[in-house]
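Here is the structure we will look at.
The values are calculated or read from the model by the stated rules, or taken from the named source; none is laboratory data. Everything quoted here is computed from the prediction, not taken from an experiment. Backbone-built Cβ (ideal geometry, glycine too); neighbour counts: all protein chains shown. Keep in mind that these areas ignore ligands, DNA and RNA; they rest on the heavy atoms of the full protein, side chains included. Shrake-Rupley method; radii C 1.70, N 1.55, O 1.52, S 1.80 Å.
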Amino acid sequence: MNTKQTLLFVAACGLVVTGNLRAAEATANWTKHCFACHAADGSGSTRMGRQVGAKDYRDAKVQAEMKDEAALKAVKDGIQAKGKEVMKAYKDKLSEDEMKALIAHMRTFKK
Ligand code: HEC
């Protein structure tokens, strides 16, 4: 490899590492903030998930119904159902980038 190729190679490695770090960070945030209701696999099969009616995000239909914009708004502002808060707002806890990474993480649940 010449110098230019070497530099390109190093830059490409950097991109791969950053991508993986972001994914790892999203998984950590998922476990910390979202797991209780949505479960590790997005199935919503935890006790709390069943109580609040979390959907099964492994289901292609549920994924298709979830729009990125609405999803981001839900994470920011929370969700109310029948006048009760079923999911709280995360805008004070997570940055916009972190929320987007979590939604990208949710997309990986699709079977
Ligand atoms: C206290 C339970 C609870 C927790 C914790 C929770 N959620 Fe939810 N979430 C729900 C419920 C209930 C719904 C509505 C039913 C559904 O879509 O699964 C929902 C829906 C969603 C939706 C769908 C919005 C749409 O437009 O379809 C997204 C996206 C989401 N949650 C992301 C998250 C993320 C990210 C976290 C962690 C930061 C999180 N949730 C934590 C209960 C929870």
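Table for the structure above
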{"read-out": "Exposure of Leu7 as accessible area (Å², to 10), given a probe of 1.4 Å and all protein chains", "value": "120 Å²"}
{"read-out": "Exposure rank, largest accessible area first [Arg50, Arg107; 1.4 Å]", "value": "Arg50, Arg107"}
{"read-out": "Local electrostatic count, Glu65, Cβ distance below 14 Å [Lys/Arg +1, Asp/Glu -1]", "value": "+2"}
{"read-out": "Of Val86, Met1, Ala12, farthest towards positive along the dipole that unit charges on Lys, Arg, Asp, Glu beta carbons give the chain", "value": "Val86"}
{"read-out": "Surface per residue (accessible, 1.4 Å probe) for the chain, Å²", "value": "70 Å²"}
{"read-out": "Neighbourhood net charge (12 Å Cβ-Cβ; Lys/Arg +1, Asp/Glu -1) for Lys32", "value": "-1"}
{"read-out": "Accessible area of the chain belonging to carbon and sulfur atoms, whole % at 1.4 Å probe", "value": "59 percent"}
{"read-out": "Space enclosed by the convex hull of the alpha-carbon atoms of the stretch 1-84, per residue, Å³", "value": "137 Å³"}
{"read-out": "Exposure ranking of Arg58, Arg22 by accessible area [1.4 Å probe, largest first]", "value": "Arg22, Arg58"}
{"read-out": "Under 11 Å, Cβ to Cβ, from Leu94 - net charge with Lys/Arg +1 and Asp/Glu -1", "value": "0"}
